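The values are calculated or read from the model by the stated rules, or taken from the named source; none is laboratory data. Computed from a predicted model, the values in this text were never measured in an experiment. These accessible areas exclude ligands, DNA and RNA; they are computed on the full protein's heavy atoms, side chains included. Shrake-Rupley method; radii C 1.70, N 1.55, O 1.52, S 1.80 Å.
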Amino acid sequence: MKDFSCCLPASFTRPYAIWCGDSIDNHDVTTPEVFKEIIRITKDISNIHGPLALASATGLCHLWPARAVERRAEQGSPKLANPILVIGTSYDPVTPIASARKLVRRLNASGSRQAVMIHHDGTGHTSLAMHSACTKDIIKRYFAEGVVGLQTRS
């Protein structure tokens, strides 16, 4: 296992055992390619989150030496038992609404309805940063009743 103790505290590297262990093998990716992707994310998606990508699950996994025995080995949309509720916030500086739309498109790429997105018209990181009774009710119904989005009660 590579030793990151020289330059990173243990509290920083511990999550990599899960993030990188469960990730798709990407040992053929080079560090310059990782930085090019971080620059692309910074320019095209989020000028706040892009620079943080190195510290996130995507930053150092190409250097991580081990992978979990039981993990998804292929990319693409898994078949889910229940649809995912994705909430996109209009002015989220970390996770732009375009990213929420992209996630829903990827999850629904197989043609099945695996994700539903609601658009929370608010500011701040996550839908909870700016109160909305409507969004709060949708979240409560999702967790309490399994109702996704704006479905009507039967």
SASA check, residue 16, accessible area w/ 1.4 Å probe, all protein chains in place, rounded to nearest 10 Å², comes out at 0 Å²
For segment 92-151, the Rg and Dmax computed from alpha carbons only, in angstrom | 12.3, 34
Given a 1.4 Å probe and the protein chains all in place, what does the accessible area of residue 67 round to, in Å² to the nearest 10?
-> 50 Å²
Take 28, 92 and sort them by solvent-accessible surface of the protein heavy atoms, 1.4 Å probe, largest at the top.
-> 28, 92
